[in-house]
Amino acid sequence: MPEFDSAYRVLRRRGEPDLRSLQSYRQQGGYSALERALHEQTPEQVIQLVSDARLRGRGGAGRLTGEKWRIVRRQQETPKYVICNAYDADPRSWAARSLLERNPHQVIEGILLAAYAVGATEAYLMTRSLFREGIEALQQALNEALEAGLVGRSILGTTFHCTINVFGFDIGFIGGEETVQIAVIKGRRGMPEQRPPYPAIYGLWDKPTAINSLETLANVPLIVREGPEVFRRLGSEATPGTKVLTVYDAVPDAEPRVIEVPFGATLREILRHAGIRRPDSELRAVVVGGAEGGALPVSLLDLPFDFDPLEEAGAIVGSGVIELLPAQTCMVAWAMERTRYLSNESCGKCVPCRIGVKRMTGVLEGIVSDLGVRSDLDLLDELAGYVPDGSLCGFGIHAPNAYKTARRYWPEHFQMHIEEQQCPTGTCLPVRSHRFVTKHVLP
């Protein structure tokens, strides 16, 4: 079993010392990393520390943070910007709001270190406006940091200047996409942009911009303060460090359990650490990655939680949400409900995403209603390939994951609905009275 108790590096647990005030955070070594960086290290040295730690983005993509910062640093265009993505696109994720509420100063210190490293003088923290407690805690921490000379001009008596702007908005799932956040800051409609060019070169106000998730930036003070070797002691070889997860039990309206675990821990170990101990016979699946994640059978509960193993199995790190499905779940109905939700959340810019996910929903509704035919599965497979290939952002790339994993691991559920016209679990009710059009996308 991994050492879960020592894995809490960014998330403060209930009962631990309250770090929301500047005084308590500094007593625990807070802002010492910023002070060391500004007085003893060059921006390039800070970037090298992050690179040596092999810190990967915690927002879902898993890109090496040091590489992204180095690209921004090398650009000649000025000014440069830092955007902290604290939006939590998946509404069931509690990672961002928990970090904002419990550990706001570590987030601020991470933003400042990122700005110093890439050469930025202005930063934006983008979050959901409904995270009121987290925003209040962050604003209070920013006021304390400003009064202490930790934010603003001549930080800690140096020539480094950086302001941090808090931007609360709520436009649904798509608000967590990086180019959408750039558009929102500009006052434009929140829709993804074509890439390349990437924000690291052509970002906010057409200037170099480093965009990192809240959790990624919260790890940076630890790396600068303790060194990359200490950071790499936890986690896997491919992905050192930890991940904040939101875990839901297989009961209706289950309360989320927010935990921090080392990468490489198995799904079964993670569930036990979250206090969930259910026999495999009571479970149908474990969904990893949130709304756009994939469903995995209980036979894969010993799979390591890491980017590559999860992607090979059909799931993603995604929003860091893990949820259990009870044994009576029909996976056709689950795939239909998840795809329907994503169809409603699409921004509508890309035709494959806007139309493709909607068509997948309609075909799945027909199968659940026992109106399906064999060719429906061919059409669904076809659409599941076209939607990712023709989408501008990760939303469309991962939108078919629910169908693809349900079809991969529970093909008998689809066959029974189509061939025998009955639900394998006896729980499905018709949702359509007629078939959805099933003309193929290509002749």
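The values are calculated or read from the model by the stated rules, or taken from the named source; none is laboratory data. Just so we're clear, the structure is a prediction, and the values are computed from it rather than from any experiment. Here the Cβ is made from the backbone with ideal geometry for all residues, glycine too, and neighbour counts use every protein chain on show. Please note that ligands, DNA and RNA were not included when accessible areas were found on the heavy atoms of the full protein model with its side chains. Shrake-Rupley method; radii C 1.70, N 1.55, O 1.52, S 1.80 Å.
Quick check: anything in region 295-314 touching a helix residue (DSSP H, G or I) at 6+ places or on another chain (Cβ under 9 Å) and of a type in the set (D, E, K, R)? Taking every residue of region 295-314 in turn, at least one turns out to be touching a helix residue (DSSP H, G or I) at 6+ places or on another chain (Cβ under 9 Å) and of a type in the set (D, E, K, R).
Among the residues making up region 125-146, those that are within 22 Å of G175 (Cβ to Cβ), of a type outside the set (A, V, I, L, M), touching a helix residue (DSSP H, G or I) at 6+ places or on another chain (Cβ under 8 Å) and surrounded by fewer than 24 Cβ atoms within 10 Å (Cβ to Cβ) are R128, S129, F131, E133.
Among the residues of region 389-425, those that are in contact (Cβ under 8 Å) with a residue 60 or more places away in the chain, farther than 30 Å from M191 by Cα and open to solvent by less than 80 Å² (accessible area, probe 1.4 Å) comprise R407, Y409, W410, H413, F414, H417, C423, P424, T425.
Scanning region 27-54 for residues that are open to solvent by 50 Å² or more (accessible area, probe 1.4 Å), closer than 27 Å to G149 by Cα and either without any contact (Cβ under 8 Å) to a residue 12 or more places away in the chain or not in a helix (DSSP H, G or I) (or both) yields Q27, Q28, E40, T42, Q45.
For region 366-378, a residue qualifies if it is open to solvent by less than 40 Å² (accessible area, probe 1.4 Å) and more than 20 Å from G294 (Cβ to Cβ), and the qualifying residues are G366, S369, G372, D376.
Does L11 satisfy the condition of being part of a loop (DSSP other than H, G, I, E, B) and either buried (at least 19 other Cβ atoms within 10 Å of the Cβ) or at pLDDT 95 or above (or both)? Criteria met by L11. Taken across region 306-316, residues that are crowded, with 18+ Cβ neighbours inside 10 Å, touching an Asp or Glu at 6+ places or on another chain (Cβ under 8 Å) and either in contact (Cβ under 8 Å) with a residue 60 or more places away in the chain or on the phi > 0 side of the Ramachandran plot (or both) do occur, with at least one present.
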